[in-house]
Every structure is written in structure tokens, then in C-alpha cells.
Amino acid sequence: MFLLFDIGGTATRMALSHTGASLDEIEIFPTDLDFSKAMGKMKKVSDKFANGEKFRAVAGGVRAYNKKTGQLFDHPHFPMWVGEPLLEKLKAMFNSPVHLENDAALVGLGEAVYGAGKGEEIVAYITLSTGVGGARIVGGKLDRTHYGFEPGNMIISENEYLEELISGKAIEKRYGKKISEIEDENVWDEVSKILAIGLNNIAVLWSPDVIVLGGSVPNKLKLTEVSEELKKVCKIYPEIPDIKLVELDEKGGLYGGLAYLRKL
């Protein structure tokens, strides 16, 4: 019996897998910004799932996770969580081995194994939502890192980071509208061009078979246009990687946790 979780800025998703082959039960609830209260909610759901039994292993994701300390980096969505012993707390709370990863990395792993990247050897996952994150998956496993993947912090031009240019938060701040309300094609053409520069950097550094895009921003873009822009800037290779949208929606992180545990 395995426990899986995905702690997001607005919602926390938890799932039970009896055999490690599928997600059998799922619970979704608002993420509490108070660390102790959030842990209490997760404990309540896990106790319900466990029903008196012990989990063989637990895997989950949260943004800005520091593998070296078991805590969060400075996190804009969870300021009250920063400095808290997250990994130690989860291990004690679940009384089971806990494997904690960056949330975007687990979503990418889920898409690589079960979703849009299924069947590909090297998958690059990039999410453009409130922020910009991602991961490189090789042979169905997350590539190794020292701290973690932070593609949103690549510099695009004149000390401007990709996340500061085309994250959902950056776009809404620039135009004073929610992403869903922006219908001007010129806006999305510009976003496609900037994204293509970022994807060129991903392509030449990670050399993936496919790039999978997630988050709210790609849903407003035309992938054919993004591919055409990428062809213009990525000239070193005879062909560019395929570009696809995610297929697992909000369950990507849970499937990523499942894939992670199955590879142990």
C-alpha cells in the first residue's frame, strides 16, 4: 500500500495505491498556509487511507524543495512553511519511508511514464503557470540534480528571467488581466517567441526526444506556432523535438509519485 501527494499553492492532492499499479482513491482539499494545520489535514486523510495499516512507502511533491535540508527555499506561496522541517515531519507523521521531490519534477515524471511523453526515452517537461518549472526525465526516471531543476530562472535577455517574462503571474501583471481574459493574438504571439527561446535553451542543454508543456499558459498558445518559432532559433540540430501538451491534467503529480516509487 502506497501513499502519494502533491502539495500545490491552492490545493493539496493525496492518493492511495494498493498495489503501486494505479491510483485507487484520491482526496483533494485546500492547501493551508499554516504549516501545522496543513500537516494536520494531510495526517487526517492519510489515516483514512491507511485504515490501521502501514504504508510501504510515501512519495510526493512541493515547490521549491531543498533536498539538502529537507525544507523549502524562500517560497512566495508558503512563507510560513519556509524553515520548517518538512521531510522530518512527514516521515514522523506517516511512520514510513518518504520520498519528497519538487512538484514540477514529479508532474514531469508522471507525464513521461503515463502521459504525453510515454514511450520516449528523454522527456523535457516545462510548466508555465503561476511560475515556470520543469524537469528532465531519462528512461522513466528523474535525472539527477544537486539542488533541483529551475528552468524558470534561465536568463533570456538583459538579466530577465524566463519566469519574469512568460509565467502566468508575469503576464497578468503586465497586461492587468487574467490569462483567460486576454484574447489579443499579438500578446500570445509574443509569448510564443519568448517561449521558443527558452525551449531552444532546453533543447540544446537537455537534448530531449519530446518537450511536454503544462500549466495554464500553453493552453492559450498554438503549438504549431511555438514549433515554428523554435525552428527559427534552434539551428544546431537537423530537427527540433516534438512539442506536446500534458495529458494527465491535475493528476500528473500523483502519477509521478507512483512512477517514482515503482522505480525504487
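The numbers here are math on the coordinates, done by the rules we state, and not lab data. These numbers come from a predicted model, not from an experiment. Cβ atoms come from the backbone with ideal geometry, glycine included; neighbour counts cover every protein chain shown.
Brief remarks on what is shown
- Condition met for G60 (within 18 Å of G40 (Cα to Cα) and surrounded by 15 or more Cβ atoms within 10 Å (Cβ to Cβ)): yes
- Selection count where residues are more than 17 Å from A135 (Cα to Cα) and surrounded by 17 or more Cβ atoms within 10 Å (Cβ to Cβ), scope the stretch 88-114: 5
- In the stretch 128-164, the residue that is farthest from the chain's Cα centre (by Cα) out of those that are among the hydrophobic types (A, V, I, L, M, F, W, C) and under 21 Å from T69 (Cα atoms) is L142.
- Residue count for the stretch 118-142, restricted to those that are surrounded by fewer than 18 Cβ atoms within 10 Å (Cβ to Cβ) and without any contact (Cβ under 8 Å) to a residue 40 or more places away in the chain: 4
- Residue list for the stretch 1-30, restricted to those being polar (S, T, N, Q) and surrounded by fewer than 19 Cβ atoms within 10 Å (Cβ to Cβ): T10, T19, S22
- A116 being outside any helix (DSSP H, G or I), of a type in the set (A, V, I, L, M, F, W, C) and more than 16 Å from A59 (Cα to Cα): yes
- D249, sole failed condition from (1) surrounded by fewer than 20 Cβ atoms within 10 Å (Cβ to Cβ); (2) farther than 30 Å from R56 by Cα; (3) without any contact (Cβ under 8 Å) to a residue 24 or more places away in the chain: (2)
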